[in-house]
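What follows is a set of notes on a single structure, which appears directly below.
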């Protein structure tokens with residue numbers, strides 16, 4: 001799939017359209033050569049030299065793989081049970097402390113180690129999706145994470161468990177390679193829907209890991225949770241083997257260090273990426289603050305709910321998963337900036353409800369749970385769609401930067417929100433989330449929907465919100481440019497022919513004159 005380049009004067013808030021020319025380099029460092037690969041490429045028959053690739057999945061530029069509903073659902077399913085690796089341990093900490101015969105404080109480092117490993121994988125592994133073929137990379141990561149989980153299930157040493165937890169987190173980053181791959185494979189008119197479904201798989205993975213690991217550990221040993229995780233991950237690997245199309249590397253002539261360096265450049269030179277990251281940090285902090293302090297609110301004197309009842313509130317997040325296709329379709333019809341504006345404005349209203357009524361009526365809490373899940377997913381889908389349009393050949397790096405900002409927001413929201421709640425109560429914590437959401441809206445509004453790629457502040461290019469209208473306008477502009485170029489070429493050609501005829505005429509006159517001179521020469 002040859003990436004197209006986005007000219008620096010194109011509206012970067014609009015996802016890349018088929019006729020657009022997108023930048024094939026990042027600040028002049030990289031040049032995509034996928035077009036050359038298409039003419040010279042001979043499809044691989046195996047991965048790793050021994051694992052056969054099904055014939056229908058081998059790369060064929062004349063008959064590319066079709067990214068349909070089944071493949072999209074498989075991407076989401078795989079993401080669900082790979083990202084679950086990061087959260088299995090959270091309900092199991094008490095059982096782990098008893099099993100390893102250590103204090104609760106000693107096992108409390110395990111979630112931090114897993115998240116730290118995940119951050120390392122985001123930074124060091126997920127950008128490789130722009131460097132190497134993604135099918136073998138995803139298969140390899142899935143096998144490694146599943147194999148490392150075997151160690152978690154059988155070890156009797158806390159130190160080994162902690163070390164393996166870090167490594168499992170590091171190699172559980174294949175979802176962050178699948179998201180850019182889904183964006184590459186999906187047709188432009190379905191790109192946001194594809195991204196939304198894969199992102200919903202991530203959300204579902206968090207819910208499944210926390211709910212089912214807690215339930216299973218109530219009746220059997222915690223090791224069964226990890227044995228089940230092993231089986232599910234190997235099944236996901238087989239699913240990926242059967243459904244992932246084999247595409248060549250997106251970029252040639254780049255090294256691993258080039259990939260990391262260009263990712264760092266993108267993080268500080270792309271206004272739209274920086275805008276998305278600032279919004280994502282605050283959005284993630286709000287989301288984490290809500291779900292962490294919700295336990296304090298519901299279990300406190302205002303409601304006195306049991307642990308089981310509090311845990312069931314997590315299932316409300318299923319609403320966001322079920323709404324994923326609808327959310328994606330809405331974003332597909334809008335300029336991503338407007339989808340972000342709509343979702344952020346609704347989130348401001350949701351936070352206002354939380355500030356006013358969370359401690360008064362449980363219905364307000366339910367409304368906030370549903371609103372946060374649905375509209376935060378819309379916000380994340382629209383931001384990701386816009387960011388991926390910056391440079392098609394750098395989508396894995398762009399995604400890594402956005403997810404790292406999400407991780408940073410999580411790290412910020414948990415301690416800050418908890419401290420504010422403990423010291424000042426639920427309303428102060430709600431005001432904090434309201435302020436963070438207002439910050440998101442302010443950051444979005446300082447840069448309009450149709451500004452040029454490297455414009456940091458301001459509005460230009462009108463206020464059209466329908467993607468199909470903008471696509472039609474771009475099509476007409478392209479046709480006009482092509483017509484003007486052809487007319488100029490024809491004019492230059494005619495001028496060249498006139499000049500050639502004039503030169504030929506001069507040559508003929510000179511030759512005739514020379515012949516006349518020869519005839520008049522008395523010595524001849």
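Things to note:
- Scaled radius of gyration (Cα, divided by 2.2 N^0.38 Å) that segment 394-467 gives: 1.50
- Segment 42-247 - Debye-derived log10 I(q)/I(0), Cα point model, q = 0.18 Å⁻¹: -1.20
- Radius, Kirkwood style, for segment 342-396 when every pair of distinct Cα atoms is counted (Å): 12.5
- Just so you know, the averaged projected area of the alpha carbon convex hull for segment 295-445 sits at 9.5 nm².
- Residues 262, 381, arranged from fewest to most other Cβ atoms within 10 angstrom of their Cβ, appear as 262, 381.
- Taking the number of Cβ atoms within 10 Å of each Cβ as an exposure proxy, the fewest-first ranking of 369, 79, 349 is 349, 369, 79.
- On full extension, the segment bounded by residue 366 and residue 502 gains 40.5 nm, given 0.36 nm per residue less the C-alpha separation.
- Three-way shape call for segment 92-192 based on the alpha-carbon gyration tensor, with the a/c threshold at 1.5: prolate
- If you plug the beta carbon distance of residue 454 and residue 242 into 1/(1 + (r/R0)^6) with R0 = 35 Å, you get a FRET efficiency near 0.25.
- Ordering 226, 354 by the number of other Cβ atoms within 10 Å of each residue's own Cβ, fewest first, gives 226, 354.
Just so you know, all these numbers are worked out from the coordinates, no wet-lab data involved. The structure displayed is predicted, hence computed values, not measured ones. All Cβ positions, even for glycine, are placed from backbone atoms using ideal geometry, and neighbour counts span all protein chains on display.
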